[in-house]
Amino acid sequence: MTDTLGRPPAAPGRPAPGGEAPIGTLPRPDGVAASRLFVGRSQAAWTLPEQIAAEIGERILNEEIAPGSRIGEERIAREFGVSRGPIRDALRMLEQAGLVSIASRKGTIAAPLTEQDMREIFVLRGILTEIALRGFAAHATPDNLAHFRRHLEAAESLADDDRRVLFWTEANDRLMLFIAHHCGNSRAARMLITLSLQSIRYVRRAVAAGLNPAPRRRKLVRFYSDLLAAYEARGDIEPFVQRLRAMFEERIQLTVGALPPGAG
């Protein structure tokens, strides 16, 4: 993962074709799926299946491809003007990332949104984030702290803008991934990238439901601001681990209310 992962995109993403997406008319950042699927790799170096995986992954995150809906290889092959081989390779990449499931008789479907799935993702993210917070304290350099501050400023600049709340969620998530990348535990960092990708639709639904208003966003910014001060002072990180646990539990309870009807 490179430090550029922490910079929120500067322009709104494209609207979903055929009407309003489940996340409403809110502007959306582009390249969210690719930033997790192909960390640190230039787009010019992507293979054809990777290019297709990036596009399909983005559609899944934007719910242009609805949760639980079938993804037809033949139709996508016609759309991209390629054989079904690169499509299958792309879908396997997305399966490994947890965005689709592939069954021999049912074909490929976009991963559904369920309460159990959401809870598992958020619990694991919480545990690994604790590891990242502690590891960053032990490994962070002055340059890392300077980058942390720039990431924090990017998130802070978006915290009060309700129209760009999806850009705020992306800036906040990339800040956490930056911490993970510099925590000295590469396995934890890789797992957090994957869990970040899998949690995006849940987080966006909570935002669309109005469950993450500006006061709550400012609260999280204050958490990171206080955390940075503790890192700079080489202070005790354990109080922040405790605060983090409470925030993850709160996020789980809030997100339950944003799940689709019948999710279980």
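The values are calculated or read from the model by the stated rules, or taken from the named source; none is laboratory data. All values reported here derive from a predicted model rather than from experimental measurement. Note: ideal-geometry Cβ built from the backbone for every residue, glycine included; neighbour counts use all protein chains shown.
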Quick one: in the range 158-174, of everything that is surrounded by 23 or more Cβ atoms within 10 Å (Cβ to Cβ) and aliphatic (A, V, I, L, M), which residue is farthest from ASN212 (Cα to Cα)? ALA171
Is it the case that ALA171 is under 16 Å from the mean Cα position of the chain (by Cα), of a type in the set (A, V, I, L, M, F, W, C), modelled with pLDDT of 95 or more and part of a helix (DSSP H, G or I)? yes
In this structure, does LEU228 turn out to be closer than 16 Å to PHE122 by Cα, in a helix (DSSP H, G or I) and modelled with pLDDT of 95 or more? no
Odd one out for PRO49 among (1) closer than 16 Å to PRO112 by Cβ; (2) free of Cβ contacts under 8 Å to residues at least 60 places away in the same chain: (1)
Just name the residue that is surrounded by the most Cβ atoms within 10 Å (Cβ to Cβ) out of those in the range 186-220 that are closer than 12 Å to ASN62 by Cα and of a type in the set (Lys, Arg). ARG204
Among the residues listed as ILE121, ILE127, ILE102, ILE131, the single one being without any contact (Cβ under 8 Å) to a residue 24 or more places away in the chain, of a type in the set (A, V, I, L, M, F, W, C) and in a helix (DSSP H, G or I): ILE127
Condition (residue is polar (S, T, N, Q) and closer than 30 Å to GLY68 by Cβ) applied to the range 174-191: is it met by at least one residue? no
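For (1) within 30 Å of ARG251 (Cβ to Cβ); (2) outside the structural domain of ALA206 (by TED's automatic domain parsing); (3) over 22 Å from the mean Cα position of the chain (by Cα), each residue gets a yes or a no:
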residue	(1), (2), (3)
ILE71	yes, yes, no
GLU74	no, yes, yes
GLU79	no, yes, yes
SER83	no, yes, yes
MET93	yes, yes, no
SER101	yes, yes, no
ARG119	yes, no, no
